[in-house]
Amino acid sequence: MLKITRKVEYALIALSQMQMKGDDSLTSVKEISRQNDIPYELLAKTMQLLARAEIVEAVKGPHGGYQIIKDPTDIKMTTFFEIIEGPIGFMDCYFDSNCDQIHTCSIRTPIQRINDSIRDMFNNISLNDITRSV
């Protein structure tokens, strides 16, 4: 079953909350964690991934936190998923060809078509489409 992981879910919640606060506001991991009942340690690691990908910026200090630095409209969901969880693929052979059955597999091509369709769909959805406030 295709399912969004908790890390992706928590990242989306955090970014949505940060968007609601505004461009210049800083939001702490503690604040997001407390308000949304999200495990602090997992959210902190997830926010570090987003900072390394230059989606958010970490501001240190007693009144520090995170702020969004990349326009969420410019980030496609495929890219976002892969920043958090790595390559999107139903089967390992989509991104790793070390399978012993790769040359005789009868389902690889149809599964790749499904995977390509899902990637195309996510490439047409921006992060802003998911996280913008209503």
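Given R0 = 22 Å, the distance between the Cβ atoms of ASN124 and LYS3 translates into a calculated FRET efficiency of 0.65.
Run the dipole for the chain about the Cα centre, Lys and Arg Cβ at +1, Asp and Glu Cβ at -1, nothing else charged, and hand back the magnitude in debye, nearest 20. Before the final figure, lay out the partial values.
Working: 15 positive and 18 negative charges, 50 e Å.
Here the chain has a charge dipole of around 240 debye.
If I take every Cα pair under 8 Å that is 6 or more residues apart in the chain, average their sequence separation and divide by the length, what percent do I get for the relative contact order? All intermediate terms of the calculation are to be shown ahead of the outcome.
Working: 140 pairs, mean separation 37.8, N = 134.
Relative contact order of the chain: 28 percent.
For region 67-78, the Karplus equation 6.51 cos²θ - 1.76 cosθ + 1.60, evaluated at θ = phi - 60°, returns couplings of 9, 6, 10, 10, 4, x, 5, 8, 9, 7, 4, 4 Hz by residue, with Gly and Pro reported as x. Given axes a ≥ b ≥ c from the Cα gyration tensor, I'd like to know whether the chain is rounded (a/c under 1.5), prolate (a/b larger than b/c) or oblate. Prolate, since a/c reaches 1.5 and a/b exceeds b/c.
Take LYS30, project a point 7 Å from its Cα along the Cβ direction, then tell me which residues of region 47-76 have their backbone nitrogen under 12 Å from it. Inside the label zone: 61-65.
Name the shape class, rounded, prolate or oblate, that the alpha-carbon gyration tensor gives for region 6-76, where a ≥ b ≥ c are the square roots of its eigenvalues, rounded holds for a/c under 1.5, and otherwise prolate holds if a/b is larger than b/c and oblate otherwise. It is rounded, given that a/c, with a ≥ b ≥ c, falls under 1.5. Helical runs assigned H by DSSP (4 residues or longer) give the chain a calculated mean residue ellipticity at 222 nm of -15000 deg cm²/dmol, each run adding -39500 (n - 2.57) before division by the residue total. Annotation: per residue accessible area for region 36-117 equals 65 Å², rounded to a whole number [probe 1.4 Å, protein chains only].
Please go through region 24-124 and write out the GluC sites (Glu not before Pro) that DSSP classes as loop and that have at most 15 other C-beta atoms within 10 Å. Don't skip to the answer; put the middle values down first.
Details: sites: GLU31, GLU41, GLU54, GLU57, GLU82, GLU85; in loops: GLU54.
Listed in order of number, the matching sites are GLU54.
What's the FRET efficiency of TYR40 with ILE69 using the Cβ-Cβ distance as r and R₀ = 22 Å, to the nearest 0.05? Working from the Cβ atoms, E equals 0.45. Note on the chain: GNM, Cα springs under 10 Å; of ILE102, ILE38, ILE84, the largest mean-square fluctuation is that of ILE102.
Given a 1.4 angstrom probe, I'd like the percentage of the accessible area of region 10-134 that is carbon and sulfur, rounded to a whole number. Walk me through the intermediate numbers first.
Values: 3740 of 7790 Å².
Within region 10-134, the accessible surface is 48 percent carbon and sulfur.
Within region 46-87, report the trypsin sites (Lys or Arg not before Pro) that DSSP leaves as loop and that have at most 11 other Cβ atoms within 10 Å. Could you put the intermediate results ahead of the total?
Working: sites: ARG52, LYS60, LYS70, LYS76; in loops: LYS60, LYS70.
Taking region 46-87 and a limit of 11 other Cβ atoms within 10 Å, the loop trypsin sites (Lys or Arg not before Pro) found are LYS60.
The values are calculated or read from the model by the stated rules, or taken from the named source; none is laboratory data. Because the structure is a prediction, the values reported are computed rather than measured. Using ideal geometry, Cβ is built from the backbone for each residue, glycine included, and neighbour counts are taken over all protein chains shown. Heavy atoms of the whole protein, side chains included, go into the accessibility calculation; ligands, DNA and RNA do not. Shrake-Rupley method; radii C 1.70, N 1.55, O 1.52, S 1.80 Å.
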